[in-house]
Amino acid sequence: MLTVPQAIAAIAVMALVTFFTRAVPFLLFDRGEHPPALVLYLGRVLPPAIIAMLIVYCLREAHFLTWLGTLFSAGTGLELAAVSSWLPAFLSVIVVVVLHLWKHNNLLSIFGGTVFYMVLIQRVFV
Amino acid sequence: MDRKALAAAFPVTLPVLMGYLAIGIAFGLMLEGIGYNFIWAFFMSLTIYAGSGQYLGVTLLATAAGLGTVALMTLLINLRHVVYGLSMLEKFRGMGKRKLYMIFSLTDETYALLSGTKAPAGVDPRNFYFAIAILDQSYWIAGSVIGAVAGAVLPIDTTGVDFAMTALFVVIAVEQWESVKQHLPALLGFGVTLVSLLIVGAENMLIPALFVMVGALLLLRGRLDQKQETQEKEDILC
(Lines give C-alpha, C1' and ligand atoms only; values in the text may rest on other atoms or scores of the structure.)
Protein backbone atom coordinates (compact mmCIF):
# COMPACT_ATOMS: atom_id res chain seq x y z
CA MET A 1 0.00 0.00 0.00
CA LEU A 2 1.13 3.56 -0.71
CA THR A 3 2.17 5.83 2.13
CA VAL A 4 -0.19 8.73 2.90
CA PRO A 5 1.97 11.39 1.16
CA GLN A 6 2.34 9.09 -1.88
CA ALA A 7 -1.42 8.58 -2.06
CA ILE A 8 -2.02 12.33 -1.75
CA ALA A 9 0.49 12.95 -4.54
CA ALA A 10 -1.26 10.39 -6.78
CA ILE A 11 -4.65 12.00 -6.11
CA ALA A 12 -3.22 15.47 -6.79
CA VAL A 13 -1.84 14.26 -10.15
CA MET A 14 -5.24 12.73 -11.02
CA ALA A 15 -6.98 16.01 -10.12
CA LEU A 16 -4.56 18.18 -12.11
CA VAL A 17 -4.58 15.98 -15.21
CA THR A 18 -8.38 15.69 -15.14
CA PHE A 19 -8.73 19.47 -14.90
CA PHE A 20 -6.18 19.87 -17.70
CA THR A 21 -8.16 17.65 -20.11
CA ARG A 22 -11.25 19.76 -19.44
CA ALA A 23 -9.40 23.07 -19.77
CA VAL A 24 -7.50 22.35 -23.03
CA PRO A 25 -10.21 23.59 -25.43
CA PHE A 26 -10.65 26.77 -23.42
CA LEU A 27 -6.90 27.39 -23.33
CA LEU A 28 -6.54 26.89 -27.08
CA PHE A 29 -9.72 28.06 -28.76
CA ASP A 30 -11.48 30.54 -26.48
CA ARG A 31 -10.63 33.59 -28.54
CA GLY A 32 -13.19 32.90 -31.19
CA GLU A 33 -10.79 30.98 -33.42
CA HIS A 34 -12.16 27.91 -35.08
CA PRO A 35 -10.40 24.68 -33.97
CA PRO A 36 -8.35 23.03 -36.74
CA ALA A 37 -10.17 20.35 -38.73
CA LEU A 38 -7.70 17.69 -37.57
CA VAL A 39 -8.51 18.42 -33.90
CA LEU A 40 -12.23 18.23 -34.58
CA TYR A 41 -11.75 14.97 -36.49
CA LEU A 42 -9.77 13.33 -33.67
CA GLY A 43 -12.25 14.73 -31.16
CA ARG A 44 -14.97 12.90 -33.05
CA VAL A 45 -13.32 9.52 -33.72
CA LEU A 46 -11.04 9.06 -30.69
CA PRO A 47 -13.59 8.83 -27.84
CA PRO A 48 -15.36 5.66 -29.12
CA ALA A 49 -11.98 4.03 -29.81
CA ILE A 50 -10.69 4.90 -26.33
CA ILE A 51 -13.80 3.61 -24.58
CA ALA A 52 -13.53 0.34 -26.53
CA MET A 53 -9.88 0.17 -25.51
CA LEU A 54 -10.78 0.66 -21.84
CA ILE A 55 -13.38 -2.12 -21.98
CA VAL A 56 -10.74 -4.54 -23.22
CA TYR A 57 -8.41 -3.23 -20.51
CA CYS A 58 -11.06 -3.85 -17.82
CA LEU A 59 -11.52 -7.41 -19.06
CA ARG A 60 -7.79 -8.17 -19.32
CA GLU A 61 -7.98 -10.51 -16.33
CA ALA A 62 -10.65 -12.58 -18.06
CA HIS A 63 -8.40 -15.28 -19.46
CA PHE A 64 -10.69 -16.46 -22.21
CA LEU A 65 -7.87 -17.21 -24.64
CA THR A 66 -5.79 -19.01 -22.01
CA TRP A 67 -8.84 -21.12 -21.27
CA LEU A 68 -9.38 -21.78 -24.97
CA GLY A 69 -5.75 -22.86 -25.19
CA THR A 70 -6.13 -25.39 -22.39
CA LEU A 71 -9.08 -26.93 -24.21
CA PHE A 72 -6.88 -27.86 -27.12
CA SER A 73 -3.85 -28.92 -25.18
CA ALA A 74 -3.66 -32.59 -24.28
CA GLY A 75 -4.57 -33.87 -20.85
CA THR A 76 -6.91 -31.12 -19.67
CA GLY A 77 -10.63 -31.56 -19.65
CA LEU A 78 -13.44 -29.02 -19.70
CA GLU A 79 -13.85 -27.96 -16.09
CA LEU A 80 -16.23 -25.45 -14.56
CA ALA A 81 -13.44 -24.06 -12.41
CA ALA A 82 -11.47 -22.94 -15.46
CA VAL A 83 -14.51 -21.28 -16.99
CA SER A 84 -14.85 -19.09 -13.89
CA SER A 85 -11.88 -16.96 -15.00
CA TRP A 86 -13.81 -15.39 -17.85
CA LEU A 87 -17.45 -16.49 -18.04
CA PRO A 88 -18.85 -14.30 -15.20
CA ALA A 89 -17.39 -11.14 -16.76
CA PHE A 90 -18.58 -12.06 -20.27
CA LEU A 91 -22.11 -12.86 -19.11
CA SER A 92 -22.26 -9.67 -17.05
CA VAL A 93 -21.17 -7.52 -20.00
CA ILE A 94 -24.02 -9.07 -22.01
CA VAL A 95 -26.45 -8.28 -19.17
CA VAL A 96 -25.29 -4.63 -19.13
CA VAL A 97 -25.67 -4.30 -22.92
CA VAL A 98 -29.13 -5.89 -22.96
CA LEU A 99 -30.36 -3.83 -19.98
CA HIS A 100 -29.08 -0.65 -21.56
CA LEU A 101 -30.53 -1.30 -25.01
CA TRP A 102 -33.82 -2.10 -23.29
CA LYS A 103 -34.27 0.79 -20.83
CA HIS A 104 -31.43 3.26 -21.51
CA ASN A 105 -31.16 3.83 -17.80
CA ASN A 106 -27.53 4.17 -16.63
CA LEU A 107 -28.41 3.36 -13.06
CA LEU A 108 -30.25 0.16 -13.93
CA SER A 109 -27.61 -1.02 -16.41
CA ILE A 110 -24.60 -0.39 -14.16
CA PHE A 111 -26.14 -1.64 -10.92
CA GLY A 112 -27.95 -4.56 -12.53
CA GLY A 113 -24.78 -5.73 -14.26
CA THR A 114 -22.59 -5.28 -11.18
CA VAL A 115 -24.96 -7.10 -8.81
CA PHE A 116 -25.28 -9.90 -11.38
CA TYR A 117 -21.48 -10.15 -11.57
CA MET A 118 -21.09 -10.15 -7.78
CA VAL A 119 -23.67 -12.92 -7.39
CA LEU A 120 -21.94 -14.95 -10.10
CA ILE A 121 -18.45 -14.79 -8.61
CA GLN A 122 -19.55 -15.00 -4.97
CA ARG A 123 -22.22 -17.70 -5.25
CA VAL A 124 -22.23 -19.49 -8.60
CA PHE A 125 -18.63 -19.83 -9.83
CA VAL A 126 -17.02 -20.25 -6.41
CA MET B 1 -26.13 31.50 -4.92
CA ASP B 2 -29.32 32.45 -6.75
CA ARG B 3 -32.21 30.53 -5.13
CA LYS B 4 -34.42 30.87 -8.17
CA ALA B 5 -31.76 29.27 -10.36
CA LEU B 6 -31.22 26.52 -7.80
CA ALA B 7 -34.95 25.77 -7.68
CA ALA B 8 -35.10 25.66 -11.47
CA ALA B 9 -32.01 23.45 -11.75
CA PHE B 10 -32.96 20.86 -9.12
CA PRO B 11 -35.66 18.96 -11.09
CA VAL B 12 -33.40 18.94 -14.15
CA THR B 13 -30.62 17.26 -12.15
CA LEU B 14 -32.79 14.48 -10.65
CA PRO B 15 -31.60 11.79 -13.10
CA VAL B 16 -28.02 12.71 -12.25
CA LEU B 17 -28.88 12.54 -8.54
CA MET B 18 -29.97 8.92 -8.98
CA GLY B 19 -27.04 8.03 -11.20
CA TYR B 20 -24.34 9.76 -9.16
CA LEU B 21 -25.57 8.35 -5.87
CA ALA B 22 -25.41 4.87 -7.38
CA ILE B 23 -22.04 5.18 -9.15
CA GLY B 24 -20.67 7.23 -6.24
CA ILE B 25 -21.69 4.54 -3.74
CA ALA B 26 -19.99 1.88 -5.88
CA PHE B 27 -16.85 4.07 -5.95
CA GLY B 28 -16.92 4.50 -2.16
CA LEU B 29 -17.31 0.74 -1.69
CA MET B 30 -14.38 0.03 -4.04
CA LEU B 31 -12.18 2.58 -2.28
CA GLU B 32 -13.05 1.26 1.17
CA GLY B 33 -12.32 -2.23 -0.18
CA ILE B 34 -8.67 -1.31 -0.86
CA GLY B 35 -8.28 0.29 2.57
CA TYR B 36 -9.05 3.98 1.99
CA ASN B 37 -11.86 5.36 4.17
CA PHE B 38 -14.58 7.98 3.57
CA ILE B 39 -12.20 10.92 4.13
CA TRP B 40 -10.24 9.81 1.06
CA ALA B 41 -13.50 9.32 -0.85
CA PHE B 42 -14.59 12.84 0.07
CA PHE B 43 -11.37 14.51 -1.03
CA MET B 44 -11.07 12.50 -4.24
CA SER B 45 -14.62 13.42 -5.23
CA LEU B 46 -14.01 17.05 -4.26
CA THR B 47 -10.74 17.53 -6.13
CA ILE B 48 -10.79 15.03 -9.05
CA TYR B 49 -14.52 14.76 -9.75
CA ALA B 50 -14.62 12.24 -12.58
CA GLY B 51 -16.64 9.03 -12.53
CA SER B 52 -14.56 6.75 -14.71
CA GLY B 53 -11.38 8.59 -13.71
CA GLN B 54 -11.90 7.88 -10.03
CA TYR B 55 -12.82 4.24 -10.69
CA LEU B 56 -9.52 3.93 -12.47
CA GLY B 57 -7.95 5.85 -9.58
CA VAL B 58 -8.95 3.03 -7.23
CA THR B 59 -7.01 0.58 -9.40
CA LEU B 60 -4.05 2.95 -9.56
CA LEU B 61 -3.97 3.38 -5.78
CA ALA B 62 -4.44 -0.36 -5.21
CA THR B 63 -1.57 -1.29 -7.50
CA ALA B 64 0.65 1.51 -6.11
CA ALA B 65 1.24 2.81 -9.64
CA GLY B 66 4.00 5.35 -10.22
CA LEU B 67 3.08 9.01 -10.77
CA GLY B 68 3.93 8.81 -14.48
CA THR B 69 1.53 5.92 -14.96
CA VAL B 70 -1.09 7.76 -12.91
CA ALA B 71 -0.77 10.86 -15.09
CA LEU B 72 -0.87 8.93 -18.36
CA MET B 73 -3.80 6.70 -17.43
CA THR B 74 -5.80 9.66 -16.13
CA LEU B 75 -5.03 11.54 -19.34
CA LEU B 76 -6.18 8.62 -21.50
CA ILE B 77 -9.41 8.03 -19.67
CA ASN B 78 -10.35 11.72 -19.62
CA LEU B 79 -9.30 12.56 -23.17
CA ARG B 80 -12.92 12.57 -24.27
CA HIS B 81 -13.51 15.64 -22.09
CA VAL B 82 -11.56 17.70 -24.61
CA VAL B 83 -14.49 17.23 -26.97
CA TYR B 84 -16.98 18.40 -24.37
CA GLY B 85 -15.12 21.65 -23.85
CA LEU B 86 -15.16 22.37 -27.58
CA SER B 87 -18.95 22.56 -27.55
CA MET B 88 -19.11 24.59 -24.33
CA LEU B 89 -16.89 27.48 -25.48
CA GLU B 90 -19.89 29.65 -26.29
CA LYS B 91 -22.02 28.67 -23.31
CA PHE B 92 -19.41 29.52 -20.69
CA ARG B 93 -18.58 32.96 -22.13
CA GLY B 94 -19.12 35.80 -19.68
CA MET B 95 -19.35 33.61 -16.60
CA GLY B 96 -16.45 35.41 -14.91
CA LYS B 97 -14.85 33.64 -11.97
CA ARG B 98 -17.43 30.86 -12.05
CA LYS B 99 -16.15 29.80 -15.46
CA LEU B 100 -13.17 28.10 -13.81
CA TYR B 101 -15.53 25.94 -11.79
CA MET B 102 -17.69 25.23 -14.85
CA ILE B 103 -14.61 23.91 -16.68
CA PHE B 104 -13.47 21.89 -13.65
CA SER B 105 -16.91 20.31 -13.21
CA LEU B 106 -17.52 19.35 -16.85
CA THR B 107 -18.25 15.63 -16.34
CA ASP B 108 -20.11 13.42 -18.83
CA GLU B 109 -23.40 13.90 -17.01
CA THR B 110 -23.08 17.65 -16.43
CA TYR B 111 -22.10 18.06 -20.07
CA ALA B 112 -25.22 16.13 -21.09
CA LEU B 113 -27.47 18.34 -18.93
CA LEU B 114 -25.82 21.58 -20.06
CA SER B 115 -26.08 20.74 -23.73
CA GLY B 116 -29.60 19.34 -23.44
CA THR B 117 -31.50 21.83 -21.27
CA LYS B 118 -32.41 25.51 -21.49
CA ALA B 119 -32.90 27.85 -18.54
CA PRO B 120 -36.60 28.57 -17.89
CA ALA B 121 -37.91 32.09 -18.54
CA GLY B 122 -36.92 34.59 -15.87
CA VAL B 123 -33.82 32.68 -14.79
CA ASP B 124 -30.36 33.87 -15.78
CA PRO B 125 -28.85 31.04 -17.87
CA ARG B 126 -25.45 31.50 -16.25
CA ASN B 127 -26.84 31.09 -12.73
CA PHE B 128 -28.82 28.10 -14.00
CA TYR B 129 -25.73 26.39 -15.47
CA PHE B 130 -23.75 27.09 -12.31
CA ALA B 131 -26.53 25.64 -10.13
CA ILE B 132 -26.62 22.46 -12.24
CA ALA B 133 -22.85 22.06 -11.93
CA ILE B 134 -22.84 22.61 -8.14
CA LEU B 135 -25.79 20.26 -7.53
CA ASP B 136 -24.23 17.49 -9.64
CA GLN B 137 -20.95 17.58 -7.75
CA SER B 138 -22.71 17.58 -4.37
CA TYR B 139 -24.55 14.38 -5.38
CA TRP B 140 -21.28 12.80 -6.45
CA ILE B 141 -19.53 13.66 -3.17
CA ALA B 142 -22.52 12.46 -1.13
CA GLY B 143 -22.67 9.15 -3.02
CA SER B 144 -18.98 8.37 -2.64
CA VAL B 145 -18.95 9.17 1.10
CA ILE B 146 -22.10 7.07 1.69
CA GLY B 147 -20.48 4.17 -0.19
CA ALA B 148 -17.23 4.34 1.76
CA VAL B 149 -19.05 4.52 5.11
CA ALA B 150 -21.40 1.68 4.13
CA GLY B 151 -18.45 -0.44 3.05
CA ALA B 152 -16.83 0.05 6.45
CA VAL B 153 -19.96 -0.38 8.59
CA LEU B 154 -22.09 -3.00 6.83
CA PRO B 155 -20.93 -6.60 6.74
CA ILE B 156 -21.21 -6.94 2.97
CA ASP B 157 -18.91 -8.91 0.73
CA THR B 158 -17.84 -6.33 -1.86
CA THR B 159 -15.90 -8.82 -4.01
CA GLY B 160 -16.68 -7.99 -7.62
CA VAL B 161 -18.02 -4.47 -7.04
CA ASP B 162 -15.18 -3.22 -9.25
CA PHE B 163 -17.16 -4.58 -12.20
CA ALA B 164 -19.11 -1.29 -11.92
CA MET B 165 -16.24 0.34 -13.83
CA THR B 166 -16.52 -2.13 -16.70
CA ALA B 167 -20.30 -1.67 -16.67
CA LEU B 168 -19.91 2.11 -16.84
CA PHE B 169 -17.64 1.87 -19.90
CA VAL B 170 -19.98 -0.61 -21.58
CA VAL B 171 -22.89 1.80 -21.02
CA ILE B 172 -20.88 4.70 -22.51
CA ALA B 173 -19.93 2.47 -25.46
CA VAL B 174 -23.56 1.50 -26.11
CA GLU B 175 -24.59 5.17 -26.02
CA GLN B 176 -21.79 6.10 -28.42
CA TRP B 177 -22.60 3.18 -30.71
CA GLU B 178 -26.19 4.35 -31.00
CA SER B 179 -25.35 8.01 -31.52
CA VAL B 180 -22.83 7.66 -34.37
CA LYS B 181 -23.15 6.09 -37.78
CA GLN B 182 -19.51 5.14 -38.11
CA HIS B 183 -18.57 2.16 -35.99
CA LEU B 184 -15.07 1.74 -37.38
CA PRO B 185 -13.35 3.80 -34.60
CA ALA B 186 -14.96 1.71 -31.84
CA LEU B 187 -14.19 -1.59 -33.61
CA LEU B 188 -10.65 -0.41 -34.29
CA GLY B 189 -10.13 0.46 -30.62
CA PHE B 190 -11.43 -2.94 -29.59
CA GLY B 191 -9.38 -4.92 -32.11
CA VAL B 192 -6.12 -3.03 -31.67
CA THR B 193 -6.27 -3.30 -27.86
CA LEU B 194 -7.05 -7.00 -28.02
CA VAL B 195 -4.03 -7.60 -30.27
CA SER B 196 -1.91 -5.47 -27.93
CA LEU B 197 -3.08 -7.53 -24.95
CA LEU B 198 -2.03 -10.71 -26.77
CA ILE B 199 1.34 -9.44 -27.95
CA VAL B 200 2.48 -7.02 -25.24
CA GLY B 201 0.56 -8.48 -22.29
CA ALA B 202 -1.73 -7.01 -19.64
CA GLU B 203 0.95 -4.90 -17.95
CA ASN B 204 1.89 -2.49 -20.74
CA MET B 205 -0.87 -2.98 -23.28
CA LEU B 206 -2.32 0.55 -23.36
CA ILE B 207 0.48 2.71 -24.74
CA PRO B 208 1.20 0.66 -27.90
CA ALA B 209 -2.55 0.25 -28.41
CA LEU B 210 -3.09 4.01 -28.21
CA PHE B 211 -0.26 4.78 -30.64
CA VAL B 212 -1.48 2.28 -33.22
CA MET B 213 -5.05 3.52 -32.77
CA VAL B 214 -4.24 7.21 -33.32
CA GLY B 215 -2.00 6.30 -36.25
CA ALA B 216 -4.69 4.20 -37.87
CA LEU B 217 -7.34 6.87 -37.33
CA LEU B 218 -5.08 9.47 -38.94
CA LEU B 219 -4.49 7.16 -41.92
CA LEU B 220 -8.22 6.53 -42.22
CA ARG B 221 -9.07 10.21 -42.01
CA GLY B 222 -9.75 10.59 -45.71
CA ARG B 223 -12.24 7.76 -45.62
CA LEU B 224 -13.94 8.54 -42.31
CA ASP B 225 -14.23 12.28 -42.94
CA GLN B 226 -15.58 11.72 -46.44
CA LYS B 227 -18.14 9.22 -45.20
CA GLN B 228 -19.24 11.71 -42.57
CA GLU B 229 -19.78 14.38 -45.23
CA THR B 230 -21.81 12.14 -47.52
CA GLN B 231 -23.78 11.02 -44.49
CA GLU B 232 -24.59 14.63 -43.63
CA LYS B 233 -25.65 15.30 -47.23
CA GLU B 234 -27.91 12.28 -47.15
CA ASP B 235 -29.41 13.48 -43.90
CA ILE B 236 -30.20 16.84 -45.45
CA LEU B 237 -31.83 15.15 -48.44
CA CYS B 238 -33.98 13.02 -46.18
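The values are calculated or read from the model by the stated rules, or taken from the named source; none is laboratory data. Note that the structure is a prediction, hence the values are computed from the model and not measured. Note that we place each Cβ from the backbone using ideal geometry, even for glycine, and neighbour counts take in every protein chain shown. When the accessible area is computed, the model is the full protein with side chains, heavy atoms only, and any ligands, DNA or RNA have been set aside. Shrake-Rupley method; radii C 1.70, N 1.55, O 1.52, S 1.80 Å.
What are the pairs, 6+ residues apart or on separate chains, where a residue within the range B:36-58 that is in the same structural domain as B:Ala152 (by TED's automatic domain parsing) has its Cβ under 6 Å from a residue that is assigned to a helix (DSSP H, G or I) and open to solvent by 50 Å² or more (accessible area, probe 1.4 Å)?
What qualifies is B:Phe38/B:Val149.
Does any residue of the range B:124-133 turn out to be within 14 Å of another protein chain (Cβ to nearest Cβ) and of a type outside the set (Gly, Ala, Ser)? Working first, answer last.
Just the residues of the range B:124-133 that are within 14 Å of another protein chain (Cβ to nearest Cβ), to begin with: B:133.
Cutting the leftovers down to of a type outside the set (Gly, Ala, Ser) gives us none.
The answer is no, given that none of the residues of the range B:124-133 is within 14 Å of another protein chain (Cβ to nearest Cβ) and of a type outside the set (Gly, Ala, Ser).
Per-residue answers, yes or no, for (1) in contact with a His (Cβ under 9 Å, 6 or more places away or on another chain); (2) of a type in the set (A, V, I, L, M, F, W, C); (3) over 13 Å from A:Pro25 (Cα atoms):
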position	(1), (2), (3)
B:Leu76	no, yes, yes
B:Ser87	no, no, no
B:Lys97	no, no, yes
B:Ile103	no, yes, no
B:Thr107	yes, no, yes
B:Tyr111	yes, no, yes
B:Phe128	no, yes, yes
B:Ala131	no, yes, yes
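Taking the range B:72-103 on its own, how many of its residues are open to solvent by 30 Å² or more (accessible area, probe 1.4 Å) and at the interface with chain A (Cβ under 9 Å from one of its Cβ atoms)? Let's see the steps before the verdict.
In the first step, residues of the range B:72-103 are kept if they are open to solvent by 30 Å² or more (accessible area, probe 1.4 Å); the result is B:72, B:75, B:79, B:82-84, B:86-87, B:90-91, B:93-94, B:96-101.
Going one step further and asking which of them are at the interface with chain A (Cβ under 9 Å from one of its Cβ atoms), we end up with B:72, B:75, B:79, B:82-84, B:86-87, B:93, B:99-100.
Here the count works out to 11.
Scanning the range B:61-112 for residues that are in a helix (DSSP H, G or I) and among the aromatic types (Phe, Trp, Tyr), which turns out modelled with the lowest pLDDT? Quick ask: steps written out before the conclusion?
Let us first name the residues in the range B:61-112 that are in a helix (DSSP H, G or I), namely B:61-62, B:67-78, B:81-86, B:98-104, B:108-112.
Right, trim to among the aromatic types (Phe, Trp, Tyr) and you get B:84, B:101, B:104, B:111.
On the way: B:Tyr84: 79, B:Tyr101: 96, B:Phe104: 96, B:Tyr111: 85.
Only one residue tops the list, namely B:Tyr84.
I need a count of the residues in the range B:147-163 that are small (Gly, Ala, Ser) and either modelled with pLDDT under 80 or surrounded by fewer than 24 Cβ atoms within 10 Å (Cβ to Cβ) (or both). Please lay out each step first, then the result.
Kept after step one, since they are small (Gly, Ala, Ser), are these residues of the range B:147-163: B:147-148, B:150-152, B:160.
From what is left, the residues that are either modelled with pLDDT under 80 or surrounded by fewer than 24 Cβ atoms within 10 Å (Cβ to Cβ) (or both) are B:150-152, B:160.
Of the residues in the range B:147-163, 4 are small (Gly, Ala, Ser) and either modelled with pLDDT under 80 or surrounded by fewer than 24 Cβ atoms within 10 Å (Cβ to Cβ) (or both).
Condition test on B:Ala5, is it touching a helix residue (DSSP H, G or I) at 6+ places or on another chain (Cβ under 6 Å), over 30 Å from A:Lys103 (Cα atoms) and either surrounded by fewer than 19 Cβ atoms within 10 Å (Cβ to Cβ) or touching a residue at least 60 places away in the same chain (Cβ under 8 Å) (or both)?
Yes.
Do you know which residues across the range B:115-134 are crowded, with 21+ Cβ neighbours inside 10 Å and of a type outside the set (Phe, Trp, Tyr)?
B:Ala131, B:Ile132, B:Ala133
If I filter the range A:7-32 down to residues being more than 7 Å from every other protein chain (Cβ to nearest Cβ) and at pLDDT 95 or above, which single residue comes out as surrounded by the most Cβ atoms within 10 Å (Cβ to Cβ)? First the steps, then the outcome.
Here is the first cut: in the range A:7-32, the ones more than 7 Å from every other protein chain (Cβ to nearest Cβ) are A:8, A:12, A:16, A:20, A:27-28, A:31-32.
From the residues that got through so far, the ones that are at pLDDT 95 or above too are A:8, A:12, A:16, A:20.
Values: A:Ile8: 13, A:Ala12: 14, A:Leu16: 13, A:Phe20: 16.
Per the stated criteria, the residue is A:Phe20.
Which of the residues belonging to the range B:45-68 are surrounded by fewer than 17 Cβ atoms within 10 Å (Cβ to Cβ) and either more than 7 Å from every other protein chain (Cβ to nearest Cβ) or closer than 22 Å to B:Glu109 by Cα (or both)?
Scanning the range B:45-68 gives B:Leu46, B:Thr47, B:Thr59, B:Thr63, B:Gly66, B:Gly68.
Give the residue, chosen from A:Leu108, A:Leu120, A:Leu87, A:Leu99, that is surrounded by 16 or more Cβ atoms within 10 Å (Cβ to Cβ) and modelled with pLDDT of 95 or more. Break it down stepwise before answering.
Details: A:Leu108 fails: modelled with pLDDT of 95 or more; A:Leu120 fails: modelled with pLDDT of 95 or more; A:Leu87 fails: modelled with pLDDT of 95 or more.
Unique residue meeting the criteria: A:Leu99.
The rows are residues; the columns are (1) hydrophobic (A, V, I, L, M, F, W, C); (2) in a loop (DSSP other than H, G, I, E, B); (3) modelled with pLDDT of 80 or more; (4) open to solvent by less than 40 Å² (accessible area, probe 1.4 Å).
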| site | (1), (2), (3), (4) |
| --- | --- |
| B:Ala167 | yes, no, yes, yes |
| B:Ala173 | yes, no, yes, yes |
| B:Gly189 | no, no, yes, yes |
| B:Leu194 | yes, no, yes, no |
| B:Leu198 | yes, no, yes, no |
| B:Leu218 | yes, no, yes, no |
| B:Ile236 | yes, no, no, no |
